[in-house]
Amino acid sequence: MTADHRIGPPLTGGERETLRAFLDYHRATLAMKCEGLTDEELRQRSMPPSTLSLLALVRHMAEVERAWFHRAFEDPDAPMVWSDEIDFQAAYDASASTRAEAFGAWEAEVERSRRIEKAADSLDTTGYQPRWDKEISLRMVMVHVLLEYGRHNGHADFLREGVDGTTGA
């Protein structure tokens, strides 16, 4: 990993600004955990039979961004990124994936999510979660996605250490 260029969340500020900043901080953390590794290193699995790898996490988070922002606020029928049906596990098979493929999809979904969030009038704006057949608020989505990043960045810490011994951040 190179120097830490993440921008930390504000120490004071409004709810929306804080949620947005924490999401971007965690997005940057995932990217930072993958810096400087080859495609082969990014595909290195945690332990058999698990398919968990850094590249699998990037692919999974592309699905998370799509499912919780795009599908909930723009198109509930939008296909998932890596599967025709709602199968979040499909993203974890990164055996034939590359950094360019995974990061290209993830970065596109992150940009779409940012656009959707910024266009919403407030955190109380509601969307529709097709998997639950329920309306959900933008606030709930941002908190949920933030928790997903927090959990998976913890996995990324261990995965990165297993690849080359790098720890920190």
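The residues of the stretch 46-115 expose on average 43 square angstrom of accessible surface per residue, using a 1.4 Å probe on protein heavy atoms. Working from the alpha-carbon coordinates of the stretch 36-114, get Rg over Rh, Rh being the Kirkwood radius. For the stretch 36-114, the value is 0.99.
Can you give the angle from 0 to 90° between the axis of helix 99-119 and the longest principal axis of the chain, with both taken from C-alpha atoms, to the nearest 10? Roughly 20 degrees, rounded to the nearest 10. Relative to the longest principal axis of the C-alpha atoms of the chain, give the angle of the C-alpha long axis of helix 54-65, reported between 0 and 90° and rounded to the nearest 10°. Tilt relative to the chain: about 10 degrees. Relative to its residue count, the chain spans a Cα convex hull of 109 Å³ per residue.
Given 25 °C and 0.890 mPa s, compute D for the stretch 10-81 with the Stokes-Einstein relation, Rh being the Kirkwood radius over Cα pairs; round to the nearest whole µm²/s.
For these conditions, the coefficient is 171 µm²/s.
Counting heavy atoms of the protein chains alone, residue 110 has an accessible area of about 10 Å² for a 1.4 Å probe. Label positions at residue 115 and residue 158, each projected 7 Å from the Cα along the C-beta direction, are separated by 3.7 nm. Springs join every pair of Cα atoms under 10 Å in this Gaussian network model of the chain, and among 120, 102, 156 the largest mean-square fluctuation is at 120.
The values are calculated or read from the model by the stated rules, or taken from the named source; none is laboratory data. Being a predicted model, the structure only gives us computed values, none of them experimental. Neighbour counts run over all protein chains shown; Cβ positions are idealised from the backbone, glycine included. Surface areas here come from the heavy atoms of the whole protein model, side chains and all, with no ligands, DNA or RNA. Shrake-Rupley method; radii C 1.70, N 1.55, O 1.52, S 1.80 Å.
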